[in-house]
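Would you mind keeping the following structure in view while I ask a few things?
The values are calculated or read from the model by the stated rules, or taken from the named source; none is laboratory data. Keep in mind that what you see is a predicted model, and the values were worked out from it rather than measured. Quick note on the areas: whole protein, heavy atoms, side chains included, nothing else; ligands and nucleic acids left out. Shrake-Rupley method; radii C 1.70, N 1.55, O 1.52, S 1.80 Å.
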Amino acid sequence: MARLPKLAVFDLDYTLWPFWVDTHVDPPFHKSSDGTVRDRRGQSIQLYPEVPEVLERLRGLGVPIAAASRTGEVEGANQLLELFDLVRYFVHREIYPGSKVTHFERLQRKTGVPFSQMIFFDDEKRNIVDVSKLGTKWCYLHSCPAWNEPSNPNSRIRCIHKGPSWTLRSSHLRHRTERKSGGHFQVHL
């Protein structure tokens, strides 16, 4: 059986939710009486549907989880994690503008986990490239076909392009990789 990572690190924008918190929505956020999270204009805000299941499964496997986001809307991002009840999953949060390398160096100092035993989930290739130079395993999440097309938050398939070692199937969190046509990997949720 494959070894589990010692730390799973998640980006926020277009990784946990289908928008950029600093440009696509309008903080502050609140939870309406029906439980819906809304922005200042009343726009409904949702997570990708698989997120709670994935985070719960990782926690159940004993894998600590951290957040690493370069957003300039630090307060709004933290507020969304609270309103979506996701804070309980994250042992550490590095949420501020700047290089993901800085985020990971701080996470490594805080946790003592070697970069090679971390896995990183992100939707931006530049972050994957930067963090992979540290020796971190990664999964490139691609849920938006093109930068100018909106992501579908109800999509039941999100692509994960090959990253070393661990790949994710949210309903099972398998420790193997499923190759699909086109040279990329997919997660079926």
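Leaving out ligands and nucleic acids, and using a 1.4 Å probe, what accessible area per residue does region 7-144 come to in Å²? Provide the component values of the computation, followed by the final result.
Details: 5800 Å² over 138 residues.
Per-residue accessible area for region 7-144 comes out at 42 Å².
Another question, then. Could you report the accessible area of Lys110 in Å², rounded to 10, computed with a 1.4 Å probe on the protein chains as they sit in the structure?
Per-residue accessible area (Lys110): approximately 110 Å².
Percent of accessible area on region 40-142 owned by carbon and sulfur, 1.4 Å probe?
Details: 2190 of 4570 Å².
Answer for region 40-142 is 48 percent, counting heavy atoms of protein chains only.
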